[in-house]
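Visitor: Next up is a structure, given as structure tokens.
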Amino acid sequence: MLNIGCHLSVSKGYKAMGEDALSIGANTFQFFTRNPRGSKAKEIDPSDVAELLEILKENKFATILAHAPYTLNACSADAKTRDFANMIMEDDLKRMEFFPNSFYNFHPGSHVKQGTQIGIEYIINMLNSILKPEQTTTVLLETMAGKGTEIGRTFEELKQILDGVTLDSKMGVCLDTCHVYDAGYDIVNNLDGVINEFDRIIGLDKLYAIHLNDSKNPFESHKDRHETIGEGSIGIDAITRIINHPKLRHLPFYLETPNELEGHAEEIKKLRGAYIDD
Ligand code: FE
Ligand code: FE
Ligand code: ZN
């Protein structure tokens, strides 16, 4: 079975996300740990979470994925900005233990004028200070489009970060199809080549999740603008090959396409229809 869901809003609570997911034919989902722009996090209501966990268990959901606020920058030149990212992510990881064995995805950040190597060092330092041996959450680095000075545009950069983290068993990668295509990995004409390169440089055992998005922009544009499935430069044929690829088809797929619930339900239906069941 295809494990697929989309990004859902946490504004109505946790149980409501489980119900929303069921209502659109999803068996997993992604959510923001807090306001994606700010720092305010709602107090977690344990009974609401318990009801969500019951829904996940009863409906055999695939692993759910939390997304860190995208404004955090763990490799900023400004120490205060780095400290803020550190503090928020440390708090997020504590909160994630309400949802045992889940994923927590973050954008490595932008090094601005300091250079990639200094940026990578900062990210490694942060991870080494916040990861705990007892945590059940796997922290995922997201592949980035390479907008501005974003770190994570290449598999080599992600591998360097992973290599620097002491608790490497707590780490993995989330591959965003829009981002890698914008970054210059040709998943349309050479999917096998890109997967083999990922395996050679990072190792497919580190690939835990896929953000499934089409792209508004052409190959190698370094733009990062998501498009609904089949309406962008990646297209439905390439996306069908991605969800069915023998090395990817078992992974959870999360849509981050510009759609409301109804549109996501249609995308999920279309993708389930395009998935060749075992
Ligand atoms: Fe993201
Ligand atoms: Fe993404
Ligand atoms: Zn994006």
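Quick note: the coordinates plus some simple rules give every number you see, no bench work behind them. Given the structure is predicted, the values throughout are model-derived calculations rather than measurements. Positions of Cβ are generated from backbone atoms using ideal geometry, with glycine treated the same way; all protein chains shown enter the neighbour counts.
Visitor: Of Leu204, Leu141, Leu162, which residue is among the hydrophobic types (A, V, I, L, M, F, W, C) and surrounded by fewer than 15 Cβ atoms within 10 Å (Cβ to Cβ)?
Guide: Leu204
Visitor: Still on this model: Quick one: which of Arg272, Arg200 is assigned to a helix (DSSP H, G or I), out of contact with any Ser or Thr (no Cβ under 9 Å at 6 or more places or on another chain) and either within 16 Å of ligand 2 (Cβ to nearest atom) or over 23 Å from Glu150 (Cα atoms) (or both)? Show your work before the answer.
Guide: Details: Arg200 fails: either within 16 Å of ligand 2 (Cβ to nearest atom) or over 23 Å from Glu150 (Cα atoms) (or both).
From the options Arg272, Arg200, the qualifying one is Arg272.
Visitor: Across segment 1-45, which residue is farthest from the chain's Cα centre (by Cα) among those that are aliphatic (A, V, I, L, M) and assigned to a loop (DSSP other than H, G, I, E, B)? I'd like the intermediate steps shown before the answer.
Guide: Applying the first criterion (aliphatic (A, V, I, L, M)) to segment 1-45 yields 1-2, 4, 8, 10, 16-17, 21-22, 24, 26, 41, 44.
Applying the additional criterion that residues be assigned to a loop (DSSP other than H, G, I, E, B) yields 1-2, 10, 24, 26, 41, 44.
Working: Met1: 20, Leu2: 17, Val10: 16, Ile24: 20, Ala26: 16, Ala41: 19, Ile44: 22 Å.
Result: Ile44.
Visitor: Right, next: Of everything in segment 178-201 that's within 14 Å of ligand 3 (Cβ to nearest atom) and within 28 Å of Ile130 (Cβ to Cβ), which residue is farthest from the chain's Cα centre (by Cα)? Break it down into steps so the answer makes sense when it comes.
Guide: To start, the set of residues in segment 178-201 that are within 14 Å of ligand 3 (Cβ to nearest atom) comprises 178-183.
Still in the list and also within 28 Å of Ile130 (Cβ to Cβ): 178-180, 183.
Details: Cys178: 12, His179: 11, Val180: 12, Ala183: 16 Å.
Per the criteria, the residue is Ala183.
Visitor: Let me ask you something else. Restricting the search to segment 102-122, which residues are within 18 Å of Ala66 (Cβ to Cβ) and either part of a loop (DSSP other than H, G, I, E, B) or of a type in the set (A, V, I, L, M, F, W, C) (or both)?
Guide: Initial filter on segment 102-122 (within 18 Å of Ala66 (Cβ to Cβ)): 102-109.
Of everything in segment 102-122, those that are within 18 Å of Ala66 (Cβ to Cβ) and either part of a loop (DSSP other than H, G, I, E, B) or of a type in the set (A, V, I, L, M, F, W, C) (or both) turn out to be Ser102, Phe103, Phe106, His107, Pro108, Gly109.
Visitor: While we're looking at this one, here's another question. Tell me the residue from His264, His211 that is more than 16 Å from ligand 1 (Cβ to nearest atom), touching a residue at least 60 places away in the same chain (Cβ under 8 Å) and either closer than 25 Å to Pro36 by Cβ or buried (at least 20 other Cβ atoms within 10 Å of the Cβ) (or both), please. Reasoning before the result, please.
Guide: Details: His211 fails: more than 16 Å from ligand 1 (Cβ to nearest atom).
Only one candidate qualifies: His264.
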